[in-house]
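Please read the structure below before turning to the comments.
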C-alpha cells in the first residue's frame, strides 16, 4: 500500500508479526483468509471485532442497527463522547479498518434480520455472537442459520466479572436443543439463557444490588472486565476452530471463568436445559423472580 497519512505504509506481515510464535507464519496466512461474522457490536461485539482484527483475521461481516449512548460507556468498545449518537456499525468498522486497512469488511447497518440472514452469513467461516442478552429473536435466527449452513458458532457471555463460553459446532447439539426456547415467552427465554450459559452460577455470590437485575425490563448490570475477558476467550476459541488445533469443547459442555472469585469451572449438562438438574435450577430461579416481584 501507499504511505498511510504521510507515515509508514501498512504491512500486514509486520502489523501482525508479534502473533508469530503462538501461531506459525503459515497459520497467520490462513487467518488472513478467514471471514468471521459478528452480529451485535455492543457490550461484547465491538471488543470481539477489534480483538479478532488484531489477531489478523482478514474479513468480517458485521451487523448492528443501534447508536452509541451514555449508558454504553462502562463497557462498550467504541463508546466515547466523540461517538455519541453515531451508529455502532460505522464507528467499529472505522476502528477495525484503522487496525487493518486491508480488511474485507461487509457492514449490515440495519442489524441481522430474517430478510438479510442469507447474505449476512454468506462466505462466513465462523460466527461470533455479539448480540445483546435480550435480543432473543435475532439470536435464535443467527444460531438456527448457522446450524442449517454448517457454520461453527461461539457465544461468550459477560456475567458479573467473568465469562461463560459455549460453542455450537456443525453436527453437534444446536442452540435450540441446548436452550429449549421454543414456545417460551421472553422472561422464560431470559431465565433459560442465563442458567444455560452459567450452570455453575459463579457470579451470583457477589451481586451487590439485586434490584439492578430486571428481566421484565430487559435490564441488568455489566462490567468492562467481563467484556474484555469475553473477547479474549472468543478470539482464542476462534483461533482453535479456524486452525483446527487444540481442544474445542462444544455444547452441552462449556466453560465458566470468574475473575472475581478466581474460579474456573467446566460445565456439562447433557440435554441442555432439559437436563433434570437444569430444570430444577430454572424452576428455583423462576420462583425467586416471582418472589422478588411480590416483595417489590
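Quick check on segment 24-106: of the DSSP beta bridges with both residues there, what percent are antiparallel, nearest 5%?
Antiparallel bridges: around 10 percent, rounded to the nearest 5.
Can you sort 34, 240 from fewest to most other Cβ atoms within 10 Å of each residue's own Cβ?
Values: 34 21, 240 15.
In increasing order of surrounding Cβ atoms, one gets 240, 34.
If r is the Cβ-Cβ distance from residue 69 to residue 236 and R0 is 22 Å, what FRET efficiency results, to the nearest 0.05?
The value I calculate is 0.15.
Let me have the relative contact order for the chain, percent, based on Cα pairs under 8 Å that are six or more residues apart.
18
Using 17 Å as the cut-off for backbone N distance, which residues of segment 10-40 belong to the label zone defined by a point 7 Å from the Cα of residue 122 along Cα→Cβ?
35-38
Using alpha-carbon pairs under 8 Å, 6+ residues apart, how would you state the relative contact order of segment 79-159 in percent?
25
For a test of the definition: using alpha carbon positions, the gyration tensor, and the 1.5 limit on a/c, classify segment 151-296 as rounded, prolate or oblate.
It is oblate, given that a/c is not under 1.5 and a/b is not larger than b/c.
If the chain between residue 13 and residue 109 were fully stretched, how many nm would it gain, using 0.36 nm times the residue separation less the Cα-Cα distance?
31.5 nm
Suppose we keep just the DSSP beta bridges with both residues in segment 22-295; what percent of those would be antiparallel, to 5? Intermediate results must be reported in sequence, preceding the final value.
Values: 20 of 36 bridges.
Beta bridges within segment 22-295, antiparallel portion: roughly 55 percent.
For 32, 219, what ranking results if the residue with the fewest other Cβ atoms within 10 Å of its Cβ goes first?
Taking fewest neighbouring Cβ atoms as first place, the list is 219, 32.
Which one of 285, 77, 205 has the biggest mean-square fluctuation once the chain is modelled by GNM with Cα springs under 10 Å?
Greatest mean-square fluctuation among the candidates belongs to 205.
With just the Cα atoms defining each centre, how far is segment 155-220 from segment 57-109? Give it in Å.
Measuring centre to centre over Cα atoms gives 25 Å.
Using a Gaussian network model on the chain with a 10 Å cutoff between Cα atoms, which of 101, 199, 252 fluctuates the most?
101
Among DSSP beta bridges whose residues both lie in segment 1-152, state the antiparallel percentage, nearest 5.
10
Would you compute, from DSSP H runs of 4+ residues alone, the mean residue ellipticity of the chain at 222 nm, taking -39500 (n - 2.57) per run and dividing by the full residue count, rounded to the nearest 500?
Details: 10 runs with 111 residues, N = 296.
Helices in the chain give a 222 nm mean residue ellipticity of -11500 deg cm²/dmol.
Which of the three applies to segment 237-296, rounded, prolate or oblate, going by the alpha-carbon gyration tensor with a ≥ b ≥ c and a/c under 1.5 meaning rounded?
On the way: a/c = 3.23, a/b = 2.00, b/c = 1.62.
Prolate is the answer for segment 237-296, as a/c is 1.5 or above and a/b outweighs b/c.
Which one, 166, 194, 243, has the greatest fluctuation when you compute a Gaussian network model over the chain with C-alpha springs under 10 angstrom?
Maximum fluctuation in the GNM of the chain, among the listed residues, is at 243.
Read-outs: derived from the displayed coordinates by stated rules, not from any lab. All figures in this text were calculated on a predicted structure; none of them were measured in a lab. Because the Cβ atoms are built from the backbone with ideal geometry, glycine has one as well, and the counts that use them run over all protein chains shown.
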